[in-house]
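The values are calculated or read from the model by the stated rules, or taken from the named source; none is laboratory data. Keep in mind the model is a prediction, meaning the values are calculated, not measured. All Cβ positions, glycine included, derive from the backbone under ideal geometry; neighbour counts span all protein chains shown.
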Amino acid sequence: MGLQQATKDSCCFIQMDEQKGKPNLILTVLVDDLVIMAEEERTVTRFHEKFSKVYKVSQFEKIQVYNGIQISRVGKHVYELSQEYGILQFLAKCPIQDVNPCDSPLLPSDTFVLAGQHDEAELCDEEQKQQYQHILGSLNWFNIATRPDLSITCSLAGRVASRPTRRQFKQLCRVVGYLKRNPCKKLV
């Protein structure tokens, strides 16, 4: 089928257009899901027909969601990525529900100082520590996939994840409030 595995990502395969010297088709694999991308729809259709002769394909449709990320085409070569559904699911199941919506994930006064500089009485108990780590793990997923607006907070909060204080837990809860106010920010 003329695909070459990408050197930087073993789950990405590229079919080059030798005449134009650029990719003709890109295929990505995530477990049993494939995304086939090309400039022209007929290129995707032709590839799908060839691929279906070799492998069983259960569904073939325009992409809407991939790995929990909603994908919308808004123009030629322009797509919006969103995790609104995943964020709303996270907020519904989040162990911290009594957080007010807010406009920014971090205040200028927020500091995530390593816990060694704090009194032991300031440290979170084991249950709060697990909640902190759970919340931070979800926030990191949103940050990595579509929400770079969370990157500084996730980075700072990650430094103290093994020994968070109650104050740091409260600061992390602010990010939950920020997501309550802004669940649908999109990456274009």
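No other residue among Leu106, Leu150, Leu156 is assigned to a loop (DSSP other than H, G, I, E, B) and either surrounded by 18 or more Cβ atoms within 10 Å (Cβ to Cβ) or aliphatic (A, V, I, L, M) (or both) apart from Leu106.
Only one of the numbered conditions (1) modelled with pLDDT of 85 or more; (2) touching a helix residue (DSSP H, G or I) at 6+ places or on another chain (Cβ under 9 Å); (3) assigned to a loop (DSSP other than H, G, I, E, B) is violated by Lys8, and that is (2). Sort out which residues of the stretch 1-40 are in contact with a Phe, Trp or Tyr (Cβ under 8 Å, 6 or more places away or on another chain), loosely packed, with under 13 Cβ neighbours inside 10 Å and not aliphatic (A, V, I, L, M), and write them in order of number. Selection gives Gln4, Gln5, Asp33. Residue-level check: of (1) in a strand (DSSP E or B); (2) surrounded by 12 or more Cβ atoms within 10 Å (Cβ to Cβ), His134 misses just (1).
For the stretch 140-177, a residue qualifies if it is β-branched (Val, Ile, Thr) and in contact (Cβ under 8 Å) with a residue 24 or more places away in the chain, and the qualifying residues are Thr146, Ile152, Thr153, Val160, Thr165, Val175, Val176.
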